[in-house]
Every structure is written in C-alpha cells, then in structure tokens.
Amino acid sequence: MAKNGNYISAKESREISRKNRKITSEIEKKRNRRHIPESEYVTKMRDENNCVEFDNVQTYFFTDIGTVKAVDGVSFDVPLGKTVGIVGESGCGKSVTSLSLMQLVQRPSGQTIGGEIRFNTGEKAINVAAAPADVMRSLRGNQMAMIFQEPMTSLNPVFRIGAQVDEVIALHNPAMSKEDVKARTMDMLSMVGIANKEGVYSMYPHELSGGMRQRIMIAMALSCDPRLIIADEPTTALDVTIQAQILDLLRNLKERIGSSIMLITHDLGVVAEMADYVVVMYAGRVVEQGSASEIFHDPRHPYTIGLMNSKPVVGKHVKRLYSIPGNVPNPVDMPDYCYFRDRCEMCVRECDGEYPGIFEVSPTHKVSCYRRG
Amino acid sequence: MSENILEVSHLKKYFPIKGGFFGGVTGQVKAVDDVSFTIKKGTTMGLVGESGCGKSTTGRTILRLLEKTDGEILFNGEDISAKDKKELRALRTKMQIIFQDPYSSLSPRLPVGEIIGEAVKEHGIVKPEEYQDYITSVMKDCGLQPYHKDRYPHEFSGGQRQRICIARALALNPEFVVCDEPVSALDVSIQAQIINLLWDLQEKRGLTYLFISHDLSVVEHISDTIGVMYLGSMVETGKANDVFAEPLHPYTKALFSAIPMPDPDYKKERIILEGDIPSPANPPKGCKFHTRCKYCTQRCKEEAPRSIDVGGGHTVCCHLHDK
C-alpha cells in the first residue's frame with residue numbers, strides 16, 4: 001500500500017475503501033444504538049483535580065489512500081483552572097485532538113477508535129469518546145466551549161451579532177425569558193471589552209474588524225460559563241497589537257471565571273505567555289510535555305529544541321537560523337521506529353529500535369526519546 | 001554599497017470609492033499617503049505595520065503593478081513612472097516580486113519547470129540551447145531538485161512551493177525583489193529554511209530586498225533598515241538595530257511590546273493599544289495615530305507631524321521629538 005507517495009491504483013483504492021466502510025459502519029452502528037447504558041460512558045477521573053484527562057487517545061481517519069493516524073496514543077491532563085498549551089506544526093494532530101474531545105471529528109471517516117477522554121463535569125466523569133450524542137449535546141457549550149481560528153468564517157454573515165449570541169444563551173437556558181437573555185448578552189459583550197455594546201448588538205459581522213469578531217466569538221464561548229475553553233489558534237489571524245489585546249482579555253477572563261483553557265497554537269511566544277503546562281506534538285504523538293518553564297528552559301526532545309531554535313527572537317541575533325532538516329513523514333505510511341529519527345541530528349544507537357517509550361525527567365516533565373535529555 | 005538602488009519620495013496611492021446614484025467618485029481611500037524612503041544596493045529594507053496600513057500597496061506601486069497617484073520612484077536613478085510600455089517590459093526583469101500565498105500564486109496547470117522558465121523564454125535571458133541547464137541551475141540554487149521540473153505545484157508542500165516562487169522570481173536575474181509576506185503562510189521550521197535561503201541568495205547574487213511582513217521577529221532578523229507604517233504613512237525609519245534597540249514613536253513602542261516572547265519568565269511592560277486601526281478612507285486629522293496614542297496632546301489633534309531626523313538616519317514622525 002502507498003508505495004510511491006500517495007499514489008495507488010484505482011483497484012487498490014477500491015479495496016481500501018471497501019475495508020474502511022466495513023470498519024466505520026461497525027463503529028457507527030455501535031454509536032447509534034437507541035439506549036446506551038450509562039455504565040458505558042461514565043467513568044472515574046484518575047485525579048479529581050483534573051478537568052480533562054486524555055488517556056492513550058487514538059483518532060484515525062479512514063481515507064481511500066489508507067488509514068491516517070492523526071492522533072495516535074496521546075495522553076495528557078488538563079488540570080482545573082490551568083492553561084495547557086499544545087504546540088506543533090500544521091498537520092501534527094493538535095486540532096484533531098481538540099475536536100476528538102468535542103466529538104466533532106468528521107464522521108464517518110474520522111473515528112476515535114481507542115483510549116479514553118475523561119471529562120470532569122463536577123458531579124461525574126464522562127468518557128467523551130464513548131458518550132452518546134444527547135450527552136455530548138449537553139456538554140458542548142455548557143461544559144466545554146470552543147473558540148475557532150477564523151472569526152471571519154465562524155460567524156453567520158446574515159444574522160445580527162445580538163441574535164447570534166442570544167441564540168447560544170437561549171438554547172442552553174430554555175427557562176430564561178427574552179429580556180433576561182438580552183441582558184445576559186449585554187453582560188457578555190461588556191465582559192469582553194466591547195465599549196459600544198448597544199450598537200454592536202444590532203450590527204452584522206461584516207461591520208466589525210477581526211479583533212472585534214474574535215471578541216464576539218469569545219463572548220459566545222463564555223456565555224454559559226464553561227469549565228473548559230478550547231482555543232484553537234485564537235490569534236493566528238490577527239495583528240500583533242490586536243493579538244496582545246485578545247491574549248490579555250483571555251488571561252483576565254480565566255482568572256475571573258476560573259475555567260481551564262486548552263490553547264492550541266503554533267506560536268511558541270503565545271504559549272510561553274499564556275500556558276502553565278505545555279504539550280509538544282509531532283506527527284500525531286506527544287513527544288514532550290511539562291510545565292512551561294521546564295519546556296522552555298530545559299527542553300529535552302530534539303524536536304522541541306529544533307522548534308525553539310528555528311524561531312527568530314527579537315533581540316537575539318544569530319548568523320543563520322536553525323532549520324530542522326527533512327520533512328514530516330507520510331501520514332499514511334508511518335515508520336515503525338521513532339517518527340523523528342530521519343530528521344534528528346542527535347540520534348543514538350537505540351533510535352533504530354521501536355518507537356521510544358515515555359521517560360520521566362521530573363513528575364511533570366515527560367519526554368518520548370531514547371536520549372532522555 | 002553606498003549607492004541607492006531605489007529612491008521613493010512622497011509616494012501617494014489613493015483608491016477611489018465609487019458610490020452614489022450615478023456611480024461617481026464619493027471619496028478616496030488613502031492607502032499610501034506621502035511615503036519616502038531609500039534602499040541601498042545589496043541591503044534589505046523591512047516594512048512592518050498592521051494589516052491595512054498600506055505596506056503591500058507600497059510594494060506593488062513601486063513595481064508599477066499599481067499606478068501611483070503622486071510622488072516619484074527612482075530605480076537606479078531613473079524615474080520608472082515615465083517609462084513607456086517597451087521600456088517597462090525591459091525593467092520587469094530587474095524588479096521581481098514574491099507573493100505571500102504560495103498556494104494561489106502558482107498556476108496549477110503548468111509543470112514547475114515551465115512556471116520558472118516561462119518568463120526566461122519570454123525575455124530571452126539565455127540562448128535556447130542553454131535554457132534547460134539554466135533552469136536546472138536556478139532550481140538548484142533555490143533548493144529544488146532537477147527532477148522536480150516535470151511535476152505540478154499540487155505535488156509540493158507549502159515550503160517547496162515558496163521555493164518555486166522564489167526560483168521564478170530569481171530566474172530573471174533581478175537586482176531588486178519585493179518579498180510580500182513570503183513566510184507568513186509557513187510553519188516555523190519551514191520559515192527558517194526560507195529565510196536562510198533568502199539570505200544565501202542575497203549573499204551570492206548581491207540582491208536587494210524590500211521585505212514586507214507583519215512578523216516583527218522575522219523582519220528584525222533579515223533587515224538592515226526598517227520602516228514602520230501606520231495608516232498609509234511612514235511613522236519611523238532607521239537602521240534595524242537602532243529602531244529595535246530604541247523605538248521612538250509611540251506606535252512603534254506599542255508594536256514591539258506586543259511581540260510575545262518564547263520565555264515564560266520574561267516579564268515586560270506591555271503597552272496595549274486601545275481600539276482598532278481607523279478607516280483609511282477617513283483618517284483622523286492631525287497625527288493619524290492620535291486616537292490611540294496615550295501621549296496625545298492638543299497639538300497632535302490639529303497638526304500633522306513632520307519627519308524628524310534624530311541622527312544616524314533614524315527618522316520619526318512625532319511631535320514628542322519635534323522640539
């Protein structure tokens with residue numbers, strides 16, 4: 001399969017898609033059962049102080065050219081009231097990790113086929129990976145909310161801002177009267193720092209700038225006091241000065257409502273500024289995780305070190321920028337040794353063996369590399 | 001080295017706003033409003049600013065991809081706006097541009113060799129019998145393999161495509177290249193490769209760059225001189241080291257303090273600008289920055305500041321420094 005890059009014959013492709021259909025329809029059938037007993041998805045948190053625990057999560061995409069292991073055995077925790085930054089290059093699986101948590105992965109081709117994602121609702125722990133649709137519906141928005149990268153495409157262009165924020169609040173609080181909903185919307189708009197809230201309430205998205213739209217997105221995400229905010233590249237589309245405003249806002253709001261934040265970004269600067277813990281992902285796996293100061297002051301994995309060296313830093317002059325040689329391996333045809341070996345300049349003899357296990361540098365700092373730092 | 005390859009003085013580019021019942025011109029967007037700067041041969045000038053401040057328009061007006069409204073652009077001492085079609089065609093080989101988005105700026109229907117070679121054939125840069133070797137050598141310079149020649153753009157990754165764009169620009173042997181956000185669409189590790197490549201090519205061929213970007217850390221690394229734009233005007237220019245070490249304009253200060261540093265223990269005083277950039281169709285009177293500036297005085301609201309040289313070629317447009 002997939003001998004020459006991504007090119008395979010039509011016959012092979014048909015064969016693969018037939019197999020895929022078999023696998024995915026079985027999973028779908030299991031998921032779409034009428035009454036799924038609570039025992040299948042209610043679990044126990046390993047640590048009550050965690051908001052989310054990812055435990056060996058595997059999210060695969062069954063495509064016609066082969067199975068793409070977008071997230072392959074990812075484990076990390078998001079503690080209550082803390083910010084966890086997930087960094088990595090495009091295509092490393094950071095967005096799919098967060099979509100798996102929301103159960104928003106494009107089905108039926110994308111499926112979370114293994115592992116547990118335990119979400120702490122306060123009363124009980126729910127395994128999101130196995131939860132039925134109606135349970136998920138009660139979690140999304142109320143318990144966990146997402147801020148997307150592109151505020152331009154995430155807002156509906158034909159509805160006024162007020163109506164869009166109202167809708168979120170009314171949907172999740174059916175008992176609220178119309179006036180209460182509007183009052184809550186106004187509160188939210190002023191909370192995210194919109195001065196002219198009466199005016200903005202009756203505006204359309206195209207009348208607002210990128211920074212303002214991102215504020216609206218944040219207001220919508222926070223309107224039901226979620227326990228977890230997933231921010232998927234919240235500032236990538238914005239200018240630096242607006243980015244500083246938005247990051248400042250997120251930091252202040254987190255302190256005020258005490259939620260946890262899962263911050264997904266490729267900008268190491270943003271992570272350093274916001275995150276308490278950092279998770280570095282490469283080709284669908286976590287290669288290193290630890291507290292922010294451990295990762296930034298004592299990086300152990302060659303990929304983390306390379307990533308830090310390749311970013312130009314203001315006030316730190318170098319003759320040449322370091323660049324990681326080679327390319328990311330083909331996602332449908334992953335090697336059976338360390339995924340980073342072919343690009344690594346610090347290889348040792350053990351690297352020829354199977355994918356390295358996890359070594360603990362300190363109780364919080366874990367690295368998946370034979371060199372162990 | 002002291003020779004100026006490009007001199008831009010009082011450049012203006014206004015776009016008409018059409019509207020009204022008969023579709024007449026009802027206003028003007030002042031995208032570039034009185035911008036002056038010079039670039040020395042073999043150096044890189046970085047142009048920074050927020051989106052919508054007119055940096056790309058400046059770059060395109062210099063290449064005459066857009067016709068200027070007013071001002072003067074001297075390239076190697078010649079006024080480019082006075083040139084007719086034939087002369088301009090000859091000039092095109094000397095000035096090239098690399099665009100931001102490597103996904104949309106390459107034709108999906110042409111193989112890479114053809115994309116790079118099209119203009120070479122058109123302008124007759126090399127003899128027909130040397131053509132194939134020439135394309136191969138240009139591709140090698142830009143880090144592409146000769147066997148890539150027959151492939152199509154969709155077979156390449158973002159970083160590779162940007163190399164194709166660079167090869168296409170350099171195949172004409174230009175003296176001056178406008179790089180319009182060439183690394184913004186790329187990942188950090190690929191970004192480093194492209195920046196290194198631009199550096200190597202500059203050393204090898206003595207190129208001059210106008211490097212347009214909103215990423216300040218990239219601009220600091222690649223530029224010799226730097227210009228900061230705000231709402232169509234140049235607010236501060238100078239040597240990159242001087243401007244980064246000691247920014248003078250309040251906008252530059254705010255811009256630099258907003259750069260996130262990859263160090264969790266780094267604490268600095270952050271100047272957070274209130275509000276958004278005003279509309280260039282209706283810029284504020286006086287100093288354009290006064291609506292967001294915390295040092296704003298009565299004078300700033302009434303009188304537009306002039307450009308003041310504070311020494312060493314470091315100029316700033318601000319009343320605070322105009323004693």
Output for the range A:236-275, where each listed residue is more than 9 Å from chain B (Cβ to nearest Cβ) and touching a strand residue (DSSP E or B) at 6+ places or on another chain (Cβ under 8 Å): A:Thr236, A:Leu250, A:Lys254, A:Ser259, A:Ser260, A:Ile261, A:Met262, A:Leu263, A:Ile264, A:Thr265
Residue match in the range A:154-164 (condition: part of a strand (DSSP E or B), surrounded by 16 or more Cβ atoms within 10 Å (Cβ to Cβ) and at negative phi): no
So A:Thr185, is it away from chain B (no Cβ under 14 Å), in contact with a Gly (Cβ under 8 Å, 6 or more places away or on another chain) and touching a residue at least 24 places away in the same chain (Cβ under 8 Å): yes
Count of the range A:359-372 residues which are touching a residue at least 40 places away in the same chain (Cβ under 8 Å) and open to solvent by 50 Å² or more (accessible area, probe 1.4 Å): 5
Residue match in the range B:187-195 (condition: at the interface with chain A (Cβ under 10 Å from one of its Cβ atoms), open to solvent by 10 Å² or more (accessible area, probe 1.4 Å), modelled with pLDDT under 90 and not in a helix (DSSP H, G or I)): yes
Any hit, the range B:165-182, residues being in a loop (DSSP other than H, G, I, E, B) and either farther than 25 Å from B:Pro111 by Cα or within 13 Å of chain A (Cβ to nearest Cβ) (or both): yes
Filtered residues of the range A:357-373 (kept if of a type in the set (Val, Ile, Thr) and assigned to a loop (DSSP other than H, G, I, E, B)): A:Ile358, A:Val361, A:Thr364
Meets criteria (open to solvent by less than 10 Å² (accessible area, probe 1.4 Å), within 14 Å of another protein chain (Cβ to nearest Cβ), within 22 Å of A:Gln103 (Cα to Cα) and touching a Ser or Thr at 6+ places or on another chain (Cβ under 9 Å)) for A:Pro226: no
Check on A:Val200, buried (at least 17 other Cβ atoms within 10 Å of the Cβ), within 14 Å of another protein chain (Cβ to nearest Cβ), under 17 Å from A:Arg160 (Cβ atoms) and modelled with pLDDT of 90 or more: yes
Matching option when the condition is in a helix (DSSP H, G or I) and open to solvent by 30 Å² or more (accessible area, probe 1.4 Å), among A:Glu350, A:Glu354, A:Glu345: A:Glu350
Of all residues making up the range A:69-118, the number that are farther than 20 Å from A:Asn330 by Cβ, in a loop (DSSP other than H, G, I, E, B) and away from chain B (no Cβ under 14 Å): 8
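Each row is one residue, and each column tells you yes or no for (1) over 27 Å from B:Pro262 (Cα atoms); (2) surrounded by 16 or more Cβ atoms within 10 Å (Cβ to Cβ); (3) at pLDDT below 90.
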site	(1), (2), (3)
A:Asn32	yes, no, yes
A:Pro37	yes, no, yes
A:Glu40	yes, no, yes
A:Val52	no, yes, no
A:Thr59	yes, yes, no
A:Val74	no, yes, no
A:Val84	no, yes, no
A:Gly93	no, yes, yes
A:Val96	no, yes, no
Strands (runs of 3 or more DSSP E) contained entirely in the range B:3-99, each with at least 3 residues that are open to solvent by less than 20 Å² (accessible area, probe 1.4 Å): B:4-19, B:24-40, B:44-48
Of residues in the range B:139-164 being in a helix (DSSP H, G or I) and charged (D, E, K, R), the one nearest to B:Met45 (Cα to Cα): B:Arg163
Complete set of residues in the range B:219-262 that are free of Cβ contacts under 8 Å to residues at least 60 places away in the same chain and either touching a Leu at 6+ places or on another chain (Cβ under 9 Å) or aliphatic (A, V, I, L, M) (or both): B:His221, B:Phe244, B:Ala245, B:Pro247, B:Tyr251, B:Ala254, B:Phe256, B:Ala258, B:Ile259, B:Pro260, B:Met261, B:Pro262
Conditions (1) within 12 Å of chain A (Cβ to nearest Cβ); (2) under 14 Å from the mean Cα position of the chain (by Cα); (3) of a type in the set (Gly, Ala, Ser); number of the one not met by B:Gly227: (1)
Residue selected from the range A:133-181 under the condition among the acidic types (Asp, Glu) and modelled with pLDDT of 90 or more, by the criterion farthest from the chain's Cα centre (by Cα): A:Glu179
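The values are calculated or read from the model by the stated rules, or taken from the named source; none is laboratory data. All figures in this text were calculated on a predicted structure; none of them were measured in a lab. Note: ideal-geometry Cβ built from the backbone for every residue, glycine included; neighbour counts use all protein chains shown. Each accessible area value is taken on the protein alone, full model and side chains, heavy atoms only, with ligands, DNA and RNA left out. Shrake-Rupley method; radii C 1.70, N 1.55, O 1.52, S 1.80 Å.
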